[in-house]
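This report concerns only the one structure given below.
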Amino acid sequence: MTDDIRTALNGGWRKVEDINFSLATGKIDETGWYAAMEALCIPKYLAANNPRAQSGHSGDQDEWERARSLLLDGINRDGTLLDIGCANGHLMETCQLWARERGLRIEPFGLDISRDIVGLAVRRLPHWKDRFWVANALEWEPPRRFDFVHLQNIDYVPEGRRRDLVLHLLTRVCAPNGRLIVGPFNELKSGPALENTFRNWGFEVAGQGQPAHRHPEVEYRAFWVDAQ
């Protein structure tokens, strides 16, 4: 895979690979992995001067909607939505607006591992201050269950814990008959690798969407898994 494709998939791939290598070789433990990943992202988010960049997106509002609104394809009714890795809460507020345009009523909530970024979210959205929690999603026991749980990608936890994260979200965080929505994320057009990973883990993919990406060999993807 060429470096330009790697960058289109994940602009910070080199530093992420270094962190993953440090964990794999024992230079850091899982606690150190989380700290390193937080140090890679959160200072940039906090220093950003617009709500999209504070959520990790470099484009304008139109690009934000094109890149993120695909998750609405997985929302098929009114309900609550928990955004895992909510950052400053911008996706929560725009998702509620996009849902309203589709005739759906969504009540959003947010979870993030960073206390600093949740503090920013509360300052931006004080009317939702009771809708944010600080915790590691892998271990979090929620005060309530949610109709929809949104996970941008599974790389919020180390590779060896990713199936555990998905299982925890489906069984402990999603409401009965709820739905876990994964994405939108960038992936090669050559095949739905992450969907296939979920299937290999024993999860049934209930639906997906994939709009065009500006890179000819990459596309946005999202898919969803229904809780029992």
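Derivation of every value follows stated rules applied to the coordinates shown; laboratory data play no part. In this text the structure is predicted, and so the values were computed from the model without any measurement. Neighbour counts are summed over all protein chains in view; Cβ atoms, including those assigned to glycine, are modelled from backbone coordinates with ideal geometry.
Tell me whether the chain comes out rounded, prolate or oblate; compute the Cα gyration tensor, take square roots of the eigenvalues as a ≥ b ≥ c, and use a/c under 1.5 as the rounded threshold. Spell out each step's value before the answer.
Details: a/c = 1.19, a/b = 1.13, b/c = 1.05.
Because its axes are fairly even, with a/c under 1.5, the chain counts as rounded.
Residues in segment 112-119 carry Karplus couplings, in order, of 8, 7, 9, 5, 5, 6, 5, x Hz; the curve used is 6.51 cos²θ - 1.76 cosθ + 1.60 with θ = phi - 60°, and Gly or Pro positions show x. 3J(HN,Hα) along segment 33-45: 4, 4, 5, 5, 5, 5, 5, 6, 9, 4, x, 5, 4 Hz, from the Karplus curve 6.51 cos²θ - 1.76 cosθ + 1.60 with θ = phi - 60°, whole Hz, x for Gly and Pro. Once backbone amide H atoms are built at 1.01 Å from N, residue 206 has 224, 225, 226 as its partners under 5 Å, excluding neighbours fewer than 5 places away on the same chain. Across segment 169-179, rounded Karplus estimates of 3J(HN,Hα) from the backbone phi angles (6.51 cos²θ - 1.76 cosθ + 1.60, θ = phi - 60°) give 5, 6, 9, 10, 10, 5, 5, x, 6, x, 9 Hz, Gly and Pro being marked x. Compute the label zone of residue 201 within segment 56-97: residues whose backbone N is under 16 Å from the point 7 Å along Cα-to-Cβ. Inside the label zone: 84-85. Bridgeable lysines around residue 44 (alpha carbons under 25 Å apart, same-chain partners fewer than 8 residues away excluded): 15, 27, 129.
Close amide H partners of residue 189, meaning residues 5 or more places away or on another chain with modelled amide H under 5 Å apart, are 218, 219. Using C-alpha pairs below 8 Å separated by at least 6 residues, the relative contact order for the chain is 18 percent. Taking a Cβ cut-off of under 9 Å around residue 208, the surrounding Lys, Arg, Asp and Glu residues balance to a net charge of -1, with basic ones at +1 and acidic ones at -1.
For residue 83, the residues whose amide H sits under 5 Å from its own are 109, 110, 111, 150, ignoring neighbours fewer than 5 places away on the same chain, with H placed 1.01 Å from N.
Less than 9 Å Cβ to Cβ from residue 135, Lys/Arg counted +1 and Asp/Glu -1: what total charge do the surrounding residues give? Please list the in-between numbers first.
Working: positive: none; negative: 112, 139, 141.
That sum, taken over residues with Cβ under 9 Å, equals -3.
Each helix, a run of at least 4 DSSP H residues, gives -39500 (n - 2.57); summed and divided by the residues of the chain, these come to -10500 deg cm²/dmol at 222 nm.
Can you tell me which of 183-193, 99-109 comes out highest on packing, and rank the rest after it, using the mean Cβ neighbours within 10 Å? Show your work: numbers first, answer last.
On the way: 183-193: 16.7, 99-109: 15.0.
Result, highest mean first: 183-193, 99-109.
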